[in-house]
Amino acid sequence: STPLQSANDRSRWCTVWSLVERGTYRIDEIDAVPQWSTIDKVRHRTSPDEPWHFYSSKPPLFPTVVAGLYWIERQTLGYDLREHTTFVTRLLLILVNVLPFLAALLSLRQSLRHTGIADCARWFILIAAGFGSMLNPFLTTLNNHTPAAVCVMLCLAAMVRIRSAN
């Protein structure tokens with residue numbers, strides 16, 4: 001599939017690119033590129049004398065964190081998000097979606113070992129946590145659902161450990 005899958009996804013990637021390449025949250029320049037254009041944007045200006053600018057309509061925290069990772073990738077490997085879109089987006093998605101998701105599943109698995117429940121019940125819980133939701137399709141896009149689900153799974157794992165320690 002294409003690396004920039006939806007307007008929602010493109011809006012966040014536009015912010016990431018603009019922060020690293022231009023040092024601003026304004027996405028005017030990258031939004032003008034056809035494959036990057038998004039409808040998930042807002043138009044804003046600070047005063048009547050200023051020109052209008054487009055900004056992503058998505059909350060800026062997560063794209064800002066990803067921009068930090070992109071900056072590191074850009075400085076070390078040298079790949080540009082616009083020129084090497086597929087490689088850079090997939091690399092960053094592995095770092096922010098796939099690896100944390102796997103770590104959360106492993107943490108949950110380790111916590112479930114302490115509960116004393118049957119092996120088949122533990123496997124059912126892990127399979128349900130890993131594949132029993134619409135989370136897997138979100139692993140291929142820049143979204144806030146994956147970090148939220150990872151945090152929930154890590155909290156559940158911690159709660160299981162606390163509960164089994166008592």
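The figures follow:
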item: Given (1) open to solvent by 60 Å² or more (accessible area, probe 1.4 Å); (2) under 30 Å from A7 (Cβ atoms), index of the condition M153 fails; result: (1)
item: Subset of the range 32-68 [of a type in the set (D, E) and surrounded by 14 or more Cβ atoms within 10 Å (Cβ to Cβ)]; result: D40
item: Qualifying positions in the range 10-30 - surrounded by fewer than 20 Cβ atoms within 10 Å (Cβ to Cβ) and either touching a residue at least 60 places away in the same chain (Cβ under 8 Å) or among the acidic types (D, E) (or both); result: E21, D28, E29
item: Test: residue in the range 123-140 that is under 26 Å from S37 (Cα atoms), open to solvent by 60 Å² or more (accessible area, probe 1.4 Å) and touching a residue at least 12 places away in the same chain (Cβ under 8 Å); result: yes
item: The range 83-112: number of residues that are more than 12 Å from the chain's Cα centre (by Cα) and either under 24 Å from N136 (Cβ atoms) or surrounded by 14 or more Cβ atoms within 10 Å (Cβ to Cβ) (or both); result: 16
item: Index of the failed condition, W71 passing every other in (1) more than 23 Å from N144 (Cα to Cα); (2) open to solvent by 80 Å² or more (accessible area, probe 1.4 Å); result: (1)
item: Failed condition for G130, given (1) modelled with pLDDT of 90 or more; (2) more than 23 Å from Y70 (Cβ to Cβ); result: (1)
item: Search result, residues across the range 113-151 that are assigned to a helix (DSSP H, G or I) and under 15 Å from the mean Cα position of the chain (by Cα); result: L135, N136, P137, F138, H145, T146, P147, A148, A149, V150, C151
item: Extreme residue, modelled with the highest pLDDT, among residues of the range 37-55 that are touching a Lys or Arg at 6+ places or on another chain (Cβ under 6 Å) and within 22 Å of N144 (Cα to Cα); result: F54
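Conditions tested, residue by residue: (1) touching a strand residue (DSSP E or B) at 6+ places or on another chain (Cβ under 7 Å); (2) within 17 Å of R82 (Cα to Cα).
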site	(1), (2)
T2	no, yes
S11	yes, yes
V16	no, yes
V20	no, yes
I27	yes, yes
A32	no, yes
D40	yes, no
S57	yes, no
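The values are calculated or read from the model by the stated rules, or taken from the named source; none is laboratory data. The shown structure was predicted, so the numbers you read here are calculated from the model rather than taken from an experiment. In this analysis, Cβ positions are derived from the backbone assuming ideal geometry, glycine residues included, and neighbour counts consider all displayed protein chains. SASA here: full protein model, heavy atoms, side chains in, ligands and nucleic acids out. Shrake-Rupley method; radii C 1.70, N 1.55, O 1.52, S 1.80 Å.
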